[in-house]
Amino acid sequence: MKFSVLALDYDGTIAEEGVLDPEVRAAIADVRAQGITVVIVSGRVLADLRHAVGDLWFVDAVVAENGAVLCFSNGHSRLLASPPPASFLAELKRRGITFSAGQCIVEADASCAQSILAVIRELHPEVRRAIDIVVATGMTDPRSLDALLAMCGGACSRAELTKIIEGMTINEAAILPGPATGGKLLPFELLPRLTPHVRHRVKYFDVSVGEGRGFVFTSNSNPVGARACSLREFVSALNSLPPAVLDGHAKRGDFACRVLDVFRDHPLSSRIRKVEEQYCLGHIGDLRHARVTLVRERYDLPSNLNVPG
């Protein structure tokens, strides 16, 4: 079989922290010299990718914006999806929602999800009609459930959707009821990535699971400190709580169980469980550092990201 096309992700594959190494650029040139077509496939907005890399002539083509934009080295580009309505972008701006618009997709922080869904639900039925499917995962912000349900036309109840989301593991998701699903809710399993994706994995570090599902630290059955609703808040709490509180949780195996229940992260939960076992055996002295190190390694947190501890 002849190898003729090489498709490469950008962040976390050929670039670290957004920077393309000159040696990687040279290696791509060597591959192209052998007659192999090289394509970058990225979720980034095309303009953002150009800003990070400069000209894109060092590859043959770029598939950007999650497959919505195709750009060739000769400068020609083709849209494979519709651009966002100007009225929709204007309303986001009017409401003070920070976003970045590409040729087809709109990027915003996960914390803005509820506000953006409200705009879609309330003001722009043409945007809703353009949506083929809506996917929910275990990391879906509970605050956005009402907006998601409205987009589904009431095909399932809030209680039903909440139960499904809370029962999902980190590698599970569901397509919400709609025309593309025949009005049915379709759960599915996400296949594991073949390569780590630094840019996307870091995003989950700040995703909130909602106040109702946050991690509650306790001492003698009494709450201690603030509820941790994201991994960042969880790590911050680990570095500020009294040693006796951490000791009690570790000896009960609480951290491994709750990381699985709250954050749906099986690999991290398994690693924390091993640390807790080693701590109880007296093989680990600095429990704080061990846990923070696990989170940093699991989420490939860049060196310039401020993580307490």
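Miscellaneous remarks
- For the pair Ala47 and Asn220, a Förster radius of 35 Å applied to the C-beta separation gives a FRET efficiency near 0.05, rounded to the nearest 0.05.
- Each peptide in 280-290, 261-271 gets a packing score, the mean of other Cβ atoms within 10 Å over its residues, and the list from highest to lowest is 261-271, 280-290.
- Against the set (1) 177; (2) 127; (3) 139, the structure's computed volume of the Cα convex hull per residue in Å³ falls on (1).
- Cα long-axis angle, helix 266-280 against the chain (0 to 90 degrees, to the nearest 10): 30
- Only one residue of Ile105, Leu8, Ala27 has its Cα farthest out toward the positive end of the dipole of the chain, where Lys and Arg carry +1 and Asp and Glu -1 on Cβ, and that residue is Ile105.
- Dipole magnitude of the chain about its Cα centre (Cβ charges: Lys, Arg +1; Asp, Glu -1), debye to nearest 20: 480
- Distance-filtered residues of the range 165-191 - backbone nitrogen under 18 Å, label point 7 angstrom along Ala159 Cα→Cβ: 165-167
- Loop trypsin sites (Lys or Arg not before Pro), the range 16-125 (other Cβ atoms within 10 Å of the site Cβ: 13 or fewer; DSSP): Arg95
- Burial ordering of Tyr299, Tyr279, fewest other beta-carbon atoms within 10 Å first: Tyr279, Tyr299
- Each residue in Thr140, Thr13 was given a count of other beta-carbon atoms within 10 angstrom of its own, and listing them fewest first yields Thr13, Thr140.
- Helices in the chain, meaning DSSP H runs of at least 4 residues, each add -39500 (n - 2.57). Divided by all residues, the mean residue ellipticity at 222 nm is -11500 deg cm²/dmol.
- FRET efficiency estimate (nearest 0.05) - Cβ-Cβ, Lys274 to Arg32, R0 45 angstrom: 0.50
- Beta bridges by DSSP in the chain, antiparallel share as percent, to the nearest 5: 70
Bear in mind these aren't lab numbers, they're just calculated from the coordinates by the rules spelled out. The structure presented is a predicted model; accordingly, all values stated were derived computationally and were not measured. Every residue, glycine among them, receives a Cβ derived from its backbone with ideal geometry; neighbour counts consider all protein chains shown.
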